[in-house]
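Colleague: Take a look at this one; I'll ask things after.
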């Protein structure tokens, strides 16, 4: 079995005049990222490895999660499509992997990877910080295919205590 933690970065700061790739988190995003890390630890959902977009807001989100998982920062996840995400996952190591990226790509990947969408009113729009945990009955990541995942958890920062 393989487990995927598919997370959209926390809320970024649009008030700064920075290129999109360099946009940092805002104060709400910082609180949300910490709360998501607390939730992952409380639920014993600690990944073995992480695949993270090179954008500043995804790197900051990952850092604030407070996880010890080794990370690979991939430019391909910054402006990814579903195939880019699938390719990154098929090259992953570890039995549980966090992939941290951007919409609309993360929302599309979440919808395409699971057999049934979780019953959460925000799953379709996948707001900032949205996190899907899905299990795949495969022996290794190269065996990953659309529609074979089972959603175990779906949470957004507003669902979590702060």
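The values are calculated or read from the model by the stated rules, or taken from the named source; none is laboratory data. Fair warning: this is a prediction, and the values are worked out from it, not measured in the lab. All Cβ positions, even for glycine, are placed from backbone atoms using ideal geometry, and neighbour counts span all protein chains on display.
Colleague: Being within 15 Å of residue 6 (Cα to Cα), at pLDDT below 95 and in contact with a strand residue (DSSP E or B) (Cβ under 7 Å, 6 or more places away or on another chain): is that true of residue 49 here?
Modeller: no
Colleague: How many residues does the range 92-102 hold that are modelled with pLDDT of 95 or more and more than 20 Å from residue 37 (Cα to Cα)?
Modeller: Total satisfying the criteria: 1.
Colleague: On to the next question. Looking at 36, 51, 40, which is the one that is part of a strand (DSSP E or B) and under 17 Å from residue 110 (Cβ atoms)?
Modeller: 51
Colleague: Looking only at residues in the range 106-138 that are more than 26 Å from residue 29 (Cβ to Cβ) and touching a residue at least 40 places away in the same chain (Cβ under 8 Å), which one is surrounded by the fewest Cβ atoms within 10 Å (Cβ to Cβ)?
Modeller: Filtering first and then ranking leaves 137.
Colleague: Exactly one condition in (1) in contact (Cβ under 8 Å) with a residue 40 or more places away in the chain; (2) in a helix (DSSP H, G or I); (3) closer than 14 Å to residue 128 by Cα is false for residue 62; which is it?
Modeller: Only one criterion is unmet by residue 62, namely (1).
Colleague: Taking the range 1-34 on its own, how many of its residues are crowded, with 19+ Cβ neighbours inside 10 Å, out of contact with any helix residue (DSSP H, G or I) (no Cβ under 6 Å at 6 or more places or on another chain) and more than 26 Å from residue 145 (Cβ to Cβ)?
Modeller: 1
Colleague: A further question on this structure: Write out, first by first residue and then by second, each pair whose Cβ atoms fall under 8 Å of each other, whose residues are 6+ apart or on separate chains, and whose first residue, in the range 142-153, is modelled with pLDDT under 95 while the second is in a strand (DSSP E or B).
Modeller: none
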